[in-house]
Amino acid sequence: MKIKKICVYCGSSSGKNPVYSLAATSLAKDLCARGISLVYGGAAVGVMGAVADAVLAAGGEAIGVIPKSLAIKEVAHDSLSELHVVASMHERKAMMAELADGFIALPGGWGTLEEIFEMLTWAQLGFHEKPCGLLNIDGYYDGLIAFLDNAFEQQFVNELYRPILLMAREPNALLDQFAVYQAPKVRKWMGEDEL
Ligand code: AMP
């Protein structure tokens, strides 16, 4: 499937190290160079603001989806190509998932983790076949990757689903993987003997 829009989940904070916002800028440029639009949470703050600003500066399309309660706290970006103001966080996540052809997590906190893990869970259940990836900037996700290795080892996540989560240390390497991604033909609810 040709990827036209990618949803980027990332921190509403900037993090301790400027390397995270720099990575957001670099991802934005690489998306624009490939003619891929950005779908994201619509905020002007943190790494979220950095990725949107860089897409707009590069002449790309940035589509925000933000719940009303956050928009009125004035964190909404005011110069996006499109801003959808929705009723709830659930509506926001559903719309972002629907609009995008793939999902990337840049460094972020609980919100970022929750959003990318929801997409992984849906992929494992076969609710979508879109690529999901971690951008492991400056080793930020090393601890999470080690945790996940243990989750496979302890058989809480079946090894068969490992290919569902793509990983790279820089944006173009991840986007190259997205371009050729084929969802594994496995479903969580299948018995082992049906696989
Ligand atoms: P976090 O990683 O905890 O900073 O949360 C970032 C993610 O959660 C983003 O991808 C947003 O969709 C959502 N989010 C959390 N906090 C905010 C906020 N203040 N403004 C907009 N979106 C937010």
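The values are calculated or read from the model by the stated rules, or taken from the named source; none is laboratory data. Here the structure is a predicted model, which means the values were calculated and not measured. Reconstructed Cβ throughout: ideal geometry from the backbone, glycine too, with neighbour counts over all protein chains shown. With ligands, DNA and RNA removed, areas are computed over all heavy atoms of the protein, side chains included. Shrake-Rupley method; radii C 1.70, N 1.55, O 1.52, S 1.80 Å.
Can you name every residue in region 158-174 that is within 17 Å of MET119 (Cβ to Cβ) and touching a residue at least 24 places away in the same chain (Cβ under 8 Å)? Listed by number, the residues that qualify are TYR161, ILE164, LEU165, LEU166, MET167, ALA168, LEU174. Within region 121-133, does at least one residue satisfy the condition of being within 16 Å of the ligand (Cβ to nearest atom), open to solvent by less than 30 Å² (accessible area, probe 1.4 Å) and in a helix (DSSP H, G or I)? Scanning region 121-133 turns up no residue that is within 16 Å of the ligand (Cβ to nearest atom), open to solvent by less than 30 Å² (accessible area, probe 1.4 Å) and in a helix (DSSP H, G or I). Scanning region 22-56 for residues that are surrounded by fewer than 20 Cβ atoms within 10 Å (Cβ to Cβ) and touching a Lys or Arg at 6+ places or on another chain (Cβ under 9 Å) yields a single hit, GLY35. Of the listed requirements (1) within 13 Å of the ligand (Cβ to nearest atom); (2) open to solvent by less than 10 Å² (accessible area, probe 1.4 Å), ILE72 misses just one: (2). Does at least one position in region 77-93 carry a residue that is within 11 Å of the ligand (Cβ to nearest atom) and farther than 19 Å from GLU114 by Cα? There is at least one residue in region 77-93 that is within 11 Å of the ligand (Cβ to nearest atom) and farther than 19 Å from GLU114 by Cα. Mind listing whichever residues of region 1-18 are within 16 Å of the ligand (Cβ to nearest atom) and in contact (Cβ under 8 Å) with a residue 40 or more places away in the chain? Those that are within 16 Å of the ligand (Cβ to nearest atom) and in contact (Cβ under 8 Å) with a residue 40 or more places away in the chain: LYS5, ILE6, CYS7, VAL8, TYR9, CYS10, GLY11, SER12, SER13, GLY15, ASN17.
The numbered conditions (1) out of contact with any helix residue (DSSP H, G or I) (no Cβ under 6 Å at 6 or more places or on another chain); (2) of a type outside the set (Phe, Trp, Tyr); (3) closer than 18 Å to PRO163 by Cβ are all true for LYS73 except (3). Residues in region 152-173 that are assigned to a helix (DSSP H, G or I), of a type in the set (A, V, I, L, M) and touching a helix residue (DSSP H, G or I) at 6+ places or on another chain (Cβ under 8 Å): ILE164 only. Contact map, region 53-80: residues that are under 25 Å from ASP30 (Cα atoms) and modelled with pLDDT of 95 or more paired with residues that are among the polar types (S, T, N, Q) and part of a loop (DSSP other than H, G, I, E, B), Cβ distance under 7 Å, separation 6+ or inter-chain. Pairs shown: LEU56/SER79; GLU61/SER81; ALA62/SER81; ILE63/SER81. Here the condition is being within 12 Å of the ligand (Cβ to nearest atom), over 13 Å from the mean Cα position of the chain (by Cα) and open to solvent by less than 10 Å² (accessible area, probe 1.4 Å); of ILE104, ILE66, it holds for ILE66 alone.
Pick out the one residue from ASP193, ASP149, ASP176, ASP138 that is at pLDDT below 95, part of a helix (DSSP H, G or I) and surrounded by fewer than 20 Cβ atoms within 10 Å (Cβ to Cβ).
ASP193
Filtering region 156-172 to residues that are of a type in the set (S, T, N, Q) and at pLDDT 95 or above leaves only ASN172.
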